[in-house]
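What follows is a set of notes on a single structure, which appears directly below.
What follows draws every value from the coordinates through simple rules; no lab data is involved. Not measured: the values here are computed from a predicted model. Here the Cβ is made from the backbone with ideal geometry for all residues, glycine too, and neighbour counts use every protein chain on show.
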Amino acid sequence: AKTQRRGGHFYFTRSMGEEIRTRVNMMHALRNGFRRGELFLVYQPQVCLAHGRAEGAEALLRWRTEDGSLVPPDRFIPIAEYSGLIIDIGAWVLREACAELVRLRAAGYADFMMSINVSQVQFRHPQFLAMLRRALDETGAPPRYVELEITESMAMEEPEVLVELLGEIKRTGVSIAIDDFGTGFSSLSHLQRLQVDRLKIDRTFVTEITGSARGSSIAQMVIQLGRNLGLSIVAEGVEDDRQARILHELGCPLGQGYLFAQPLAPQALLEWLAKDAA
Ligand code: C2E
Ligand code: CA
Ligand code: CA
Ligand code: CA
């Protein structure tokens, strides 16, 4: 207690120690929580901007801890990555999202796409491809309705290794989307080499679309780029009608965001889809 009064340096060290302790505690809680089944997936519809119909959904991970509080993925995924837990969690996410796709197909949604987020650490694991194949095999999910979302920063590293891995993934029939697109600096030729299928426009560019001059918006450039390359495009974080209308006018085919639906539990997704079709 004496040393505590000694000034900044000590406090800095102490708070660092606390941060590490918090992280380690969270890591244990996450490992146990994962084992106990505290992780679950919710699904956010991806909607056709012309007709308003859902054509697929993105699976998003949630953690409800023992005491009932919800930890956001932005907080626990870095810890899962740092501890290596993301490998098991990621494999479970793949299997669970594929299983949900199969259930949706059984419920009559035959053309529904399932988009699944992949962490950088998971993606680099030597067994990643094997885990993907296993998830497809064990659930019977048709690969052509499964899409993996990798971030633009992941897509920019080690082109040779990446081109090969993405080629292998595509040979399974699974497609590839570049998440958070516009936040990095992928070149046109790079995107072509990667044989990606879809770009997801990052929410920050969707948000600014109603403000700044439309003609020079990043969202518009991404839409142009995507169309020129023959790629599918999804705008993320669409929150109001104006954004949806402008995106549609600019030629963006798909949107995702609170305007259409929050991420939904499986039963709520089925109900939302039933209303959507009515
Ligand atoms: P992301 O992949 O960019 O996912 C989009 C995030 O935006 C989600 O946050 C979603 O709930 C949120 N969102 C959707 N529509 C709107 C909107 O209209 N307005 C606003 N403000 N936000 C919207 P969430 O679910 O908290 O996920 C955060 C991030 O965590 C994801 O960002 C993704 O990077 C990561 N993540 C989520 N699930 C998984 C997973 O299964 N595996 C991995 N590796 N990462 C995941
Ligand atoms: Ca995503
Ligand atoms: Ca995103
Ligand atoms: Ca993001």
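Descriptive notes on the structure:
- Share antiparallel - DSSP beta bridges, the chain, percent rounded to 5: 40 percent
- Ellipticity at 222 nm from helices only: DSSP H runs of n ≥ 4 in the chain, each -39500 (n - 2.57), divided by the residue count, give -15500 deg cm²/dmol.
- Amide H contacts of Leu199 (H built 1.01 Å from N, under 5 Å, at least 5 apart or other chain): Ile178, Ser232, Ile233, Val234
- Among Arg144, Arg36, Arg53, the residue with the largest mean-square fluctuation in a Gaussian network model of the chain, with springs joining Cα atoms closer than 10 Å, is Arg36.
- Alpha-carbon centroids, the range 12-49 and the range 128-187: separation in whole Å: 24 Å
- Across the chain, the volume of the C-alpha convex hull divided among the residues equals 169 Å³ per residue.
- Rounded to whole numbers, the Karplus 3J(HN,Hα) couplings from phi for the range 88-105 are 5, 5, x, 5, 5, 4, 4, 5, 5, 5, 5, 4, 5, 4, 5, 5, 5, 5 Hz, using 6.51 cos²θ - 1.76 cosθ + 1.60 with θ = phi - 60°, and x at Gly and Pro.
- Sequence of Cys98, Cys48 once ranked by neighbouring C-beta atoms within 10 Å, starting from the fewest: Cys48, Cys98
- Inter-centroid distance (Cα atoms) of the range 65-88 relative to the range 248-267, Å: 25 Å
- Rh by Kirkwood over Cα pairs, then Stokes-Einstein D for the range 174-258 at 0.692 mPa s and 37 °C, µm²/s: 259 µm²/s
- Computed over the range 217-278, the Cα gyration tensor eigenvalues convert (square root of 5λ each) into semi-axes of 26, 12, 10 Å, ordered from largest to smallest.
- Working from label points 7 Å from Cα in the Cα-to-Cβ sense, the Glu168 to Leu70 distance is 3.6 nm.
- Rounded to 10°, Cα long-axis angle of helix 266-277 versus longest principal axis of the chain: 20 degrees
- Relative contact order of the range 200-256, defined on C-alpha pairs under 8 angstrom at six or more residues apart (%): 42 percent
- GNM top mover of Leu162, Leu188, Leu101 - the chain, alpha-carbon springs below 10 Å: Leu188
- Using a Förster distance of 45 Å, the FRET efficiency for Gln195-Arg21 (Cβ separation, nearest 0.05): 0.50
- The GluC sites (Glu not before Pro) of the range 139-245 that meet both conditions, a loop assignment by DSSP and at most 11 other Cβ atoms within 10 Å of the site Cβ, are Glu157.
- Angle in degrees between helix 8-36 and the longest Cα principal axis of the chain, rounded to the nearest 10: 60 degrees
- Values of log10 I(q)/I(0), in the order q = 0.11, 0.16, 0.24 Å⁻¹, for the range 48-146 under a Debye, Cα-only, solvent-free model: -0.38, -0.76, -1.22
- In terms of its Cα atoms, the range 124-236 spans 48, 29, 23 Å along the principal axes, sorted from long to short.
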